[in-house]
Amino acid sequence: MLALQATASRTRTDHLAHQAETDALTGLPNRRALEAALTAIHPGDVVVVIDLDHFKQVNDVGGHEFGDRVLVDFAQTLASVVRGSDLVARYGGEEFVLVLGAGGAQGIGAASVLARLRGQWSLLHPTITYSAGASCHQDGEEPHGTLREADRALYRAKDEGRDRVVVSSSARELVGIATPVD
């Protein structure tokens, strides 16, 4: 009897822990889960911060139900293009973060993930774009510093016209993933 109660209690605890680290709308890991993942990143891992462009207009034109559907679609698209060892998290609002393992080749995996994302998303919602900033974690760097660098790169992407990927200046390894500017 005590063993059954202990098992049931552990199951409830595990369920609550899962709920605490999962975004209710998208089913992705949330900011809390991202915080835990950041503590485990290694040199060469890539952090990408992605924001849907002009999302307020998406809600204003299509309504909040449509906006929620777009967020779920984007979350599912993100989850479908990453590798099993990568993390996709909803950071807040219409902002998402990818933590992409280096796999021994700095930036190469990130380049293919972002290329797949661009292709799949443009087929699903061709009129809704996103901007992204990427940074490669450096040896000795504090993990949140890598996230801040990716976030700064995202703001540069938005300042430069949106619908593009910008790489942090310290991440020369990622030069192949930036969106060419016409």
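Just so you know, all these numbers are worked out from the coordinates, no wet-lab data involved. Worth saying up front: this structure is predicted, and the values here are computed from it rather than measured. Glycine gets a Cβ as well: all are built from the backbone with ideal geometry, and neighbour counts include every protein chain shown.
Phi-derived couplings, Karplus 6.51 cos²θ - 1.76 cosθ + 1.60 at θ = phi - 60°, listed residue by residue for the range 150-155: 5, 5, 4, 5, 4, 5 Hz, with x used for Gly and Pro.
Packing order of peptides 142-155, 119-132, highest average first: 142-155, 119-132 (average count of other Cβ atoms within 10 Å over each peptide's residues).
In this rough spin-label picture, where each label sits 7 Å from Cα along the Cβ direction, the S85-A115 distance is 2.0 nm. For the range 23-177, the alpha carbon convex hull comes to 96 Å³ per residue, rounded to a whole number.
Could you sort the peptides 22-35, 41-54 by per-residue average Cβ neighbour count (10 Å cutoff), highest mean leading? Present the calculation step by step, with values, prior to reporting the outcome.
Numbers: 22-35: 16.9, 41-54: 21.6.
Taking the mean over residues of other Cβ atoms within 10 Å, the ranking is 41-54, 22-35.
Arrange the following residues from fewest to most other Cβ atoms within 10 Å of their Cβ: E160, E21.
On the way: E160 13, E21 18.
Fewest-to-most ranking of E160, E21: E160, E21.
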